[in-house]
Amino acid sequence: MIFVIKLYFRRRTSAAIPPGPYPWPVIGNFLQVGKNQHVKLAGMARTYGPIMSIRLGSRLVVVGSTASAAAEILKTHDCHLSARHLSYTHPASSPKVNQYAVGFARECNEQWKYMRSICRAGLFSTKAVQSQAKIREANVLNMVRYLHAREGQLVNMSEVVLDVVLNTMTNILFSEDVFGLGLGFGSGRKGSEFKELTRQYLDLLATVNLADLFPIINGWDIQGLQKKVRIINDKIFTMWQKILHQRREQRSQGIIRAQQDFLDSLLEIGLTENHINHLLLELFLAGTDTTATTIVWVFSDLIKNKHAMSKLRDEFATKIGNEAVIRESDVMDLPYLQACIKESLRLHPPIPFLLPHKAIQTCKVMDYTIPKGTQVMINTWAMSRDPSVWADPTRFDPDRFLDSGVDFKGKDFEYIPFGSGRRMCPGLYMAARKVPYVVACLVHEFDWFLPGYEDPSELDMDEVYLLALRKKKPLDLIPRACKKMD
């Protein structure tokens, strides 16, 4: 208690750190931040400036909310602020597990570089992503057939989109549908179990861990969060153990598969079972939830905005025509489709604060001191609603990107939904291929209606922030084929 109170008084007297709201003793600004932290902190930034500080318990947190602050944190001082802050709930907070991490690696050390290079070569490089095109096409066309079979029925598109993203990832990693999603899209017991386990896992990570506020109690796990996460981990790992053991057995017998996948590449370099399990889990959680969330938001924005949907259909008619089946290569040169995706990412960044950084050493940002060990966050949600940068910032207006050079590749700091610097999302290129293709097929194949054929402009767009920024209510729609498949 004395330690916490000393930190509290140090916060009051340290004029060098960024300004911020007055913290309460012991709990700091925890109650002021509450739920929807991206919205609350954006409001505070209007009072305290582009870079501010808050206290969450005994922990100092610095938040950047403008392009200039983001540039200093992610570019100018990237080497000093590139460590990863992790909740004690996260398995990767343990040094034993952290050695297996990529996005959640505590530091950008040699092990992190090695693991990132493995993922880049096998999954995220231009060559790797292009080689996966047939897998993405097969799964998306499978989704289209599924929706044709349910024409005129109410469909939970949030679940359908998650299923197609999961199916695609399992095919890329294992060359098969590990979770039994198949044509039933989630009807398999294993698929339903996996989705439920990942939901529980993410809910636990989003739960406030008292040890994060007061690290002195870490190790006691008084809320049982770490134990619950370990149990879920073990259940998920068992789902692909049979495949992993089969592949090891084949390799021990000298059997080399003609078509190698990512799992084969991990076995080839001799990674342990523990290493493979934790890496695969990270790839599933990071590579499926945010991608599915982005697709749902883009599609929701198009449903709600008739003019944008009509303009996109006109682009399809002009550039694609009445093709019975769209190929991934067809959608790479559709500027209005790309503008719609960029605009939806601006309004609904999948990770509003990116993944939190941590100061490796004390440094100065915008003339303020950032002490070593400080958690550092970038509020991309606030940046994307900055009226000094974006005209009418709350309006869905894809046209703003048509004659703009602004892109999400990490160079334009007013718009960084995938981050920037050495911690930038390595799966950007994969997402940039997958998201437009799924959206294009949904728009090209079907007309869409709300339940009860209500006015699409009345679509509920409320959001909920639980690690990712999701649509609060599932996207329930009725598909009607706008042309017949060949």
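What follows draws every value from the coordinates through simple rules; no lab data is involved. Being a predicted model, the structure only gives us computed values, none of them experimental. We place every Cβ from the backbone using ideal geometry, glycine too, and count neighbours over all the protein chains shown.
Under the rule of at least 5 residues apart or a separate chain, name every residue whose amide H is placed under 5 Å from the amide H of ALA468.
none
Looking at this model, which pairs from LYS342/LYS411; LYS190/LYS228; LYS40/LYS342 are more than 18 angstrom apart at the alpha-carbon? Before the final figure, lay out the partial values.
On the way: LYS342/LYS411 15 Å; LYS190/LYS228 20 Å; LYS40/LYS342 24 Å.
Correct reply: LYS190/LYS228; LYS40/LYS342.
For TRP220 and TRP24, calculate 0.36 nm times their separation in residues minus their Cα-Cα distance, and state this gained length in nm to one decimal. Present the calculation step by step, with values, prior to reporting the outcome.
Details: separation 196, 0.36 × 196 = 70.56 nm, distance 2.49 nm.
This chain segment gains 68.1 nm when fully extended.
For n ≥ 4 DSSP H runs only, could you compute -39500 (n - 2.57) per run for the chain, divide by its residues and tell me the 222 nm figure to the nearest 500? All intermediate terms of the calculation are to be shown ahead of the outcome.
Details: 19 runs with 223 residues, N = 486.
Theoretical 222 nm ellipticity from helices: -14000 deg cm²/dmol.
Tell me, what HN-Hα J-couplings in whole Hz come from the Karplus equation 6.51 cos²θ - 1.76 cosθ + 1.60 at θ = phi - 60° for each residue of the range 376-384, using x for Gly and Pro?
Each residue of the range 376-384 in turn: 10, 10, 10, 8, 5, 4, 5, 4, 6 Hz.
Radius of gyration and Dmax for the chain's Cα atoms, expressed in Å?
Both quantities, over Cα of the chain: 23.0, 74 Å.
Between the helical axis of 37-48 and the dominant principal axis of the chain, each derived from Cα atoms, what acute angle in degrees is found, rounded to the nearest 10?
50
Given a cut-off of under 8 Å on Cα pairs at least six residues apart, what relative contact order in percent is computed for the range 108-239? Intermediate values should be presented prior to the final figure.
On the way: 72 pairs, mean separation 20.4, N = 132.
The value is 15 percent.
Cα centroids of the range 262-292 and the range 128-143: how far apart, whole angstrom?
19
For the range 356-458, build the convex hull from the C-alpha positions and give me its volume per residue in Å³. Don't skip to the end; give the middle numbers.
Details: hull volume 17.6 nm³, N = 103.
Dividing the Cα hull volume of the range 356-458 by its residue count gives 171 Å³.
Only Lys, Arg, Asp and Glu count, each charged at its Cβ (+1, +1, -1, -1), so figure out the dipole size of the chain about its Cα centre, rounded to 20 debye.
On the way: 61 positive and 50 negative charges, 342 e Å.
For the chain, the charge dipole is close to 1640 debye.
At a Cα cut-off below 19 Å, give the lysines reachable from LYS227, other chains included and same-chain residues fewer than 8 away excluded.
Leaving aside lysines fewer than 8 places away in the same chain, those within reach of LYS227 are LYS96, LYS235.
Can you find, among MET366, TRP220, ALA440, the residue sitting farthest towards the positive end of the charge dipole of the chain, where Lys and Arg contribute +1 and Asp and Glu -1 at Cβ?
Highest projection toward the positive end goes to TRP220.
Going by Cα centres, the range 296-324 and the range 378-452 are how many Å apart?
For the range 296-324 versus the range 378-452, the Cα centre distance is 16 Å.
Could you tell me the center-to-center distance, by alpha carbons, between the range 343-366 and the range 202-242 in angstrom?
Answer, in whole Å: 24.
Calculate one ³J(HN,Hα) per residue across the range 68-77 by plugging θ = phi - 60° into the Karplus curve 6.51 cos²θ - 1.76 cosθ + 1.60, and present them in order as whole Hz with x for glycine and proline.
The phi angles translate into 5, 5, 4, 5, 5, 6, 9, 10, 4, 10 Hz.
Taking a point 7 angstrom from the Cα of LYS113 along the C-beta vector, which residues in the range 64-83 have backbone N less than 20 Å away?
75-83
Pairs of Cα atoms under 8 Å, at least six residues apart: use those to get the relative contact order of the chain, whole percent. Walk me through the intermediate numbers first.
Values: 713 pairs, mean separation 113.8, N = 486.
That works out to 23 percent.
Taking LYS75 as the anchor, which aspartates and glutamates have their alpha carbon closer than 17 Å to its alpha carbon, excluding any fewer than eight residues away along the same chain?
Straight-line reach from LYS75, under 17 Å: GLU107, ASP367, ASP407, ASP412, GLU414.
Can you give the local net charge around TYR146? Use residues other than it whose beta-carbon is closer than 13 angstrom to its beta-carbon, Lys and Arg +1, Asp and Glu -1. Walk me through the intermediate numbers first.
Numbers: positive: ARG145, ARG150; negative: GLU151, GLU159, ASP163, GLU445.
It works out to a net charge of -2.
Output ³J(HN,Hα) for the range 336-345: one whole-Hz value per residue in order, computed from phi by the Karplus curve 6.51 cos²θ - 1.76 cosθ + 1.60 with θ = phi - 60°, and x for Gly and Pro.
6, 4, 4, 5, 4, 5, 4, 5, 5, 5
Would you mind checking the range 107-147 for residues with the amide N under 12 Å from a putative spin-label position 7 Å along Cα→C-beta of ILE269?
Once the point is set 7 Å along Cα→Cβ of ILE269, 111-124 turn out to lie under 12 Å by backbone N, inside the range 107-147.
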